[in-house]
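The block underneath contains the structure these notes are about, expressed in structure tokens.
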Amino acid sequence: MLQETVPNLAKFVEPDRVRREVYTDPSIFEMEMERIHERLWIYCGHETQVPKAGDYYTVQIGRQPMLMVRGKDGTINVLYNRCPHRGSMMCGDRSGNAGEFFRCSYHSWTFHHDGTLKNIPMMESGYAGTRWGRDNPDCNMKRAARVENYRGFVFASLAADGPSLLEFLGRSKVAFDDICDRSPEGKVEVVPNCFRVIQRSNWKIFLENQLDALHPSVTHQSTGRAAREVELQIEKKTGKIPLSYHMLSAFATVTIEKWDNFQTLNYPGGHCILTGYMGLRPQDPDTLEYERVLAKAYGEKRKEAILTTNIHHVLIYPGLSVQSPLQQLRAVRPLGVDKTLTEIWHFRLKGAPEPIYRRALAYYNLVNSPATLINADDLENFWKAQQGLSSEGGDWVSFHRHHGRDIEKDGMVETAKDCGTSEAPMRNQMKAWTQYMTAGQ
Ligand code: FES
Ligand SMILES: [Fe+2]
């Protein structure tokens with residue numbers, strides 16, 4: 001039916017521009033949920049969110065409320081958060097422990113942690129002679145078609161067919177390697193809980209902004225300047241500049257021209273990497289101690305390779321933005337054509353000294369949290385973008401910046417030298433969008 005109302009989807013996207021309806025049309029949003037978010041691998045959470053048997057976390061995949069739950073055998077299951085009896089939601093809380101089994105609060109049907117039916121009250125007398133019974137698979141809570149875990153990061157796909165998680169991630173898997181390798185034990189642990197932000201804008205606007213190297217020195221200039229002023233005052237008094245101020249003042253000191261010195265690497269499927277821009281390897285005693293611990297664990301050569309990995313952000317299409325050198329990620333959960341939830345999580349490097357965690361926490365609070373001006377600056381842009389796109393002031397969104405200067409090599413698109421502010425990541429995302437939306441047509 002949707003296909004009839006939205007004929008020829010490809011006409012909405014050209015290599016260098018996109019029709020505004022892609023961000024505003026509810027029927028296109030429904031198709032995106034069906035063809036993108038409810039098919040591709042979507043990040044559910046980290047395995048340390050559910051350490052014990054029965055621990056669960058709710059997660060939205062496309063339009064589907066799901067549960068990530070640890071079973072007694074240690075397996076992590078991803079189930080639809082729905083009771084097969086009369087359809088009630090099984091868990092109303094965001095997270096918790098189900099105990100030995102799930103028990104529906106409506107009529108007390110019970111289920112094992114893998115979703116299989118455990119018991120129905122008075123099952124024999126109530127269901128004798130009906131089509132309903134223990135052998136009927138419809139009696140079980142429905143499972144996500146596929147669940148895979150890469151280095152502790154759990155993903156689910158609601159489609160039975162398609163590439164494996166590693167095939168899907170391709171070179172974007174470096175996000176998880178970088179985040180884990182920075183731990184002397186090769187592992188991270190989630191810090192409970194996350195910040196949750198609802199923005200009044202389409203989910204793609206958030207993703208496009210993640211690799212938009214043109215905006216920081218404009219959008220965040222006032223925040224960066226204010227931080228720079230305070231940082232200089234502190235330096236005058238103490239002779240030192242606290243690293244946390246640098247996280248904010250970089251928005252003023254890294255000018256728009258300098259952003260062109262960085263690079264984006266654009267991969268098939270819409271994934272993308274923005275190379276590093278912020279000096280995150282100071283030579284203070286805490287960092288030097290951390291480097292010693294890392295060298296002890298991995299040897300000097302490997303330590304150097306880990307710490308010089310040149311990444312600022314990795315975008316994993318269609319719903320994850322990972323800042324691996326700072327151990328944080330943002331998961332994007334579309335709620336409607338103009339409403340998007342982001343979950344902002346951060347992690348502790350297992351075995352690393354505490355000050356290194358404090359640094360990640362500072363970045364989490366100062367740059368990514370809903371309390372910071374940086375986040376507020378972005379949210380205002382997102383809302384304004386949605387408002388403008390909903391108007392009849394124009395039909396197209398422009399992604400022309402440095403178009404035609406992209407370098408295609410090894411199956412990916414690199415931005416050319418001094419083209420860090422290229423809109424290549426947006427073009428790459430929309431190329432993937434078109435492929436997913438028109439697949440099989
Ligand atoms: S709806 Fe769950 S037991 Fe009836
Ligand atoms: Fe921003």
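The values are calculated or read from the model by the stated rules, or taken from the named source; none is laboratory data. Note that the coordinates shown come from a computational prediction; the quantities given were computed from them, not determined experimentally. Cβ sites come from the backbone with ideal geometry, for glycine too, and all protein chains shown count toward neighbours.
Summary table below
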| read-out | value |
| --- | --- |
| Test: residue in segment 419-434 that is more than 16 Å from ligand 2 (Cβ to nearest atom), in contact (Cβ under 8 Å) with a residue 12 or more places away in the chain and more than 19 Å from residue 316 (Cβ to Cβ) | yes |
| In segment 363-380, the residues that are assigned to a helix (DSSP H, G or I) and surrounded by fewer than 18 Cβ atoms within 10 Å (Cβ to Cβ) | 365, 373, 376, 380 |
| Given (1) touching a residue at least 12 places away in the same chain (Cβ under 8 Å); (2) more than 12 Å from ligand 2 (Cβ to nearest atom); (3) aliphatic (A, V, I, L, M), index of the condition residue 218 fails | (2) |
| Any chance residue 357 is of a type in the set (Ser, Thr, Tyr) and modelled with pLDDT of 95 or more | yes |
| Those residues of segment 194-208 which are surrounded by fewer than 20 Cβ atoms within 10 Å (Cβ to Cβ) and in contact with a helix residue (DSSP H, G or I) (Cβ under 6 Å, 6 or more places away or on another chain), in sequence order | 200 |
| Among the residues listed as 22, 69, the single one being modelled with pLDDT of 95 or more, assigned to a strand (DSSP E or B) and surrounded by 18 or more Cβ atoms within 10 Å (Cβ to Cβ) | 69 |
| Yes/no for residue 102 being outside the structural domain of residue 52 (by TED's automatic domain parsing) and under 30 Å from residue 347 (Cβ atoms) | no |
| Residue within segment 144-152 that is acidic (Asp, Glu), surrounded by 14 or more Cβ atoms within 10 Å (Cβ to Cβ) and either in contact (Cβ under 8 Å) with a residue 60 or more places away in the chain or within 16 Å of ligand 1 (Cβ to nearest atom) (or both) present | yes |
| Count - residues of segment 121-133 that are loosely packed, with under 14 Cβ neighbours inside 10 Å and at pLDDT below 85 | 1 |
| Any pair with Cβ under 6 angstrom, 6 or more apart, that starts in segment 357-383 at a residue that is within 18 Å of residue 192 (Cβ to Cβ) and ends at one that is more than 16 Å from ligand 1 (Cβ to nearest atom) and of a type in the set (Lys, Arg) | 357/348 |
| Any hit, segment 331-338, residues being within 16 Å of ligand 2 (Cβ to nearest atom) and not in a loop (DSSP other than H, G, I, E, B) | yes |
| Conditions (1) at pLDDT 95 or above; (2) within 16 Å of ligand 1 (Cβ to nearest atom); (3) in contact with a strand residue (DSSP E or B) (Cβ under 9 Å, 6 or more places away or on another chain); number of the one not met by residue 53 | (2) |
| Hey, residue 118 in a strand (DSSP E or B), in contact (Cβ under 8 Å) with a residue 12 or more places away in the chain and surrounded by 14 or more Cβ atoms within 10 Å (Cβ to Cβ) or not | yes |
| Residues satisfying the stated conditions in segment 386-426, i.e. crowded, with 19+ Cβ neighbours inside 10 Å and either within 16 Å of ligand 1 (Cβ to nearest atom) or farther than 22 Å from residue 257 by Cβ (or both) | 386, 389, 397, 413 |
| Which listed residue is touching a His at 6+ places or on another chain (Cβ under 8 Å) and among the hydrophobic types (A, V, I, L, M, F, W, C), from 104, 91 | 104 |
| Residues satisfying the stated conditions in segment 318-338, i.e. in contact with a Ser or Thr (Cβ under 8 Å, 6 or more places away or on another chain) and not aliphatic (A, V, I, L, M) | 324, 325, 330, 333, 334, 338 |
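Per-residue answers, yes or no, for (1) part of a strand (DSSP E or B); (2) among the hydroxyl-bearing types (Ser, Thr, Tyr); (3) touching a Cys at 6+ places or on another chain (Cβ under 7 Å); (4) more than 16 Å from ligand 2 (Cβ to nearest atom):
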site: 178; (1), (2), (3), (4): no, no, no, yes
site: 183; (1), (2), (3), (4): no, yes, no, yes
site: 189; (1), (2), (3), (4): yes, no, no, yes
site: 193; (1), (2), (3), (4): no, no, no, yes
site: 198; (1), (2), (3), (4): yes, no, no, yes
site: 205; (1), (2), (3), (4): no, no, no, no
site: 212; (1), (2), (3), (4): no, no, no, no
